[in-house]
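These notes are about the structure you will find just below.
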Amino acid sequence: MAESARHVSTNDEPVRHRRLALVLNGQAGGLLGQTDAAAMLQEKLAASGDEVVVIAPESGTLPERMKAAKDVGAACVVVAGGDGTIACAATALAFSGVSMGLIPSGTMNLLAKDLRIEPGDVDAAIEVLTHGQTRAIDVATVGGHVFLCASMLGTPARLSRHREAGRQRGNGVRAWAGFGRAALRALSRNRSMRVVLRADDRVMRVRTPSITVTVNRLDDDTARLFGRSDLSGGVLGVYLVRRSSPLRQALLVIRTVLTGRLRKPEIEVFTTRNLVVESGDAAMHVLLDGELRLIEPPLRYEVKPGALRVIVPRDR
């Protein structure tokens with residue numbers, strides 16, 4: 001992966017492409033159970049006269065399919081799936097100059113909402129792909145992984161482990177009840193990480209139950225959880241949850257989910273271009289755009305301005 005995005009224009013450009021590559025995750029919430037989803041999307045995309053190459057699931061793992069999509073000579077790779085699928089595509093496409101188009105079909109759809117692409121509306125998403133414009137946005141990297149929205153350490157990562165275990169047991173009432181009990185146990189233990197943070201010229205030794213790192217700062221203008229108005233500010237937003245009682249932590253989680261805001265006094269907020277998280281642990285569970293990874297510290301976060309080209313609505 002190249003280390004520079006200086007050859008990628010940050011100016012909006014009208015969409016001009018003749019060949020599209022389509023990669024979809026059939027396990028994404030909006031596509032789950034639709035056996036003809038690929039054919040349906042191919043037909044809709046080809047209606048504008050574009051050539052559409054479908055990268056079939058039989059072509060390999062999701063990362064392998066993303067690489068294959070980039071290698072077919074497409075000017076744009078269209079990704080149908082959730083945040084994890086889109087982040088996987090970004091890993092393959094960042095710094096390449098190949099654009100990414102979105103048909104958001106997941107649970108959170110954070111990037112799609114930031115780009116004003118309506119989740120669950122296939123026709124509206126294809127309208128953007130056909131008549132939209134290309135824009136370069138920032139990404140961030142850590143441990144060799146690219147992420148587009150947020151990385152979380154501590155309590156959110158532990159809760160994600162319980163959520164994944166629950167998914168293996170199905171989606172019924174018993175699975176959700178098991179996740180609820182595990183979540184309450186995780187909050188009640190009030191575990192805090194002991195880490196050293198190096199942010200630009202600052203060094204901080206902290207104990208915190210949770211750290212969230214975002215690509216550019218979150219803001220209240222979007223009125224959404226983890227919403228961002230600026231996707232090309234060239235900074236990382238860092239959110240440290242202060243140590244508190246289990247009850248206060250639980251209330252903070254509930255308030256954050258209900259309001260979509262991460263605010264003081266319970267949370268310390270700052271911005272930086274580079275962040276290093278040092279820990280005595282042999283490995284740390286890191287949540288990247290909803291996908292759980294195990295990464296050996298120190299965790300080196302870095303923002304990459306304008307590294308990814310995406311198709312956005314023309315009025316953005």
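Numerical summary
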| item | result |
| --- | --- |
| Pairwise label distance in nanometres, V72 with D230, each label 7 Å out on the Cα-Cβ vector | 3.8 |
| Centroid-to-centroid separation of the stretch 42-89 and the stretch 90-145 [C-alpha atoms, Å] | 12 |
| Two-site FRET efficiency, N274 against R205, from Cβ-Cβ distance with R₀ of 22 Å, rounded to 0.05 | 0.80 |
| Signed unit charges on C-beta, dipole axis of the stretch 269-316, positive-most listed residue V269, Y301, V312 | V312 |
| At R0 = 30 Å, FRET efficiency that the Cβ-Cβ distance of A282 and R18 yields, to 0.05 | 0.05 |
| Which of T91, T271, T85 has the fewest Cβ neighbours within 10 Å, and the rest in rising order | T271, T91, T85 |
| Gain on full stretching of the segment that runs from R116 to V196 - 0.36 nm per residue minus C-alpha separation | 25.1 nm |
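Readers should treat all values here as calculations from the given coordinates under stated rules, not as data from a laboratory. This one's a predicted model, so the numbers in the text were calculated from it and none came from an experiment. As a convention, Cβ positions derive from the backbone with ideal geometry for all residues, glycine included, and neighbour counts pool all protein chains shown.
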